[in-house]
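Okay, structure first, notes after.
The values are calculated or read from the model by the stated rules, or taken from the named source; none is laboratory data. As the structure is a computational prediction, the values presented were derived from the model and not from experiment. Cβ: placed from backbone, ideal geometry, glycine included. Neighbour counts: every protein chain shown.
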Amino acid sequence: MAQASVPASASASAPASAAAPRHLPGFSAPAVGFEQPFAMLEACHERVQRTLGLLGRLREHVRKQGVDNDARQAARDVLRYFDIAAPLHHQDEELHVFPLLLAQATPEVRALVTRLQHDHVAMTTDWAAARAGLQALLDESATGFTPQDEAALDRFAMRYDAHIAAEEGVAYPAAAALLPPASLAAMGQEMAARRGAV
């Protein structure tokens, strides 16, 4: 499984900004830094989508070839990303994007933010169910994904896809328009601090 064995954080594009810590998954590309916090949030989404792509390739590999070392490495990469980097991304939004929009945005945007907040809660539950099948591959206690595992993985991926589209299409542009440069800089600094990059 040559493709699926590529770590979730790997990319052929340019190296990350010096501000991005290399000890967290998903920071090798694209090359944006915390001085551009909304670009960093969108870059996180790109890493989410790449990791979901890796997950899809892993599932196909396991169906066709079973569980081998490549499959276990891919499962490890997916677990690492969604256990470590994805929660930090959600925290960025919960602290810097959603409160601003709930306080200052239009009623339509506020309603969307409420939905996005509910998504974050549901994603935590979805991930707990989805990761169980991946962990079973690593523990060698499973020889494949059960129908329940497959359903949990489908639910997790589909919710993320819709969530990202709503954030990038509406929430991020609305929040960016409300923040003056000094607030954007402070937001980026706080995001970096949460990742030990300052």
- request: Answer yes or no: is there a residue in segment 135-152 that is in contact with a helix residue (DSSP H, G or I) (Cβ under 8 Å, 6 or more places away or on another chain), within 16 Å of Val48 (Cβ to Cβ) and at pLDDT 95 or above.
  value: no
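When segment 140-156 is examined, which residues are found to be part of a helix (DSSP H, G or I) and surrounded by fewer than 19 Cβ atoms within 10 Å (Cβ to Cβ)? Write out each step before concluding.
To start, the set of residues in segment 140-156 that are part of a helix (DSSP H, G or I) comprises 147-156.
Listed by number, the residues that qualify are Pro147, Gln148, Glu150, Ala151, Asp154, Arg155.
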task: Sort out for me the helices (runs of 4 or more DSSP H) sitting completely within segment 23-113 that have 1 or more residues that are touching a residue at least 12 places away in the same chain (Cβ under 8 Å) and farther than 27 Å from Ala197 by Cα.
output: 37-65, 69-80, 98-104
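Just to be sure before I move on: is Arg194 buried (at least 18 other Cβ atoms within 10 Å of the Cβ) and touching a Leu at 6+ places or on another chain (Cβ under 7 Å) in the structure I sent?
On the way: buried (at least 18 other Cβ atoms within 10 Å of the Cβ): no; touching a Leu at 6+ places or on another chain (Cβ under 7 Å): yes.
Here the answer is no, as Arg194 does not meet what is asked.
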task: Kindly provide the set of residues from segment 115-143 that are in contact with a Leu (Cβ under 8 Å, 6 or more places away or on another chain) and either on the phi > 0 side of the Ramachandran plot or not charged (D, E, K, R) (or both), ordered by number.
output: Ala130, Gly133, Leu134, Gln135, Leu138
query: Pick from Ala19, Ala29, Ala8: which is crowded, with 16+ Cβ neighbours inside 10 Å, closer than 20 Å to Met158 by Cβ and modelled with pLDDT under 50?
result: Ala8
- request: Of all residues in segment 131-161, count the ones that are among the small types (Gly, Ala, Ser) and in contact (Cβ under 8 Å) with a residue 40 or more places away in the chain.
  value: 3
- request: Assess whether Arg80 counts as being surrounded by 14 or more Cβ atoms within 10 Å (Cβ to Cβ), among the basic types (Lys, Arg), modelled with pLDDT of 95 or more and closer than 20 Å to Ala129 by Cβ.
  value: yes
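Which ones in segment 180-197 are outside any helix (DSSP H, G or I), in contact (Cβ under 8 Å) with a residue 24 or more places away in the chain and over 13 Å from Asp92 (Cβ atoms)?
Gly196
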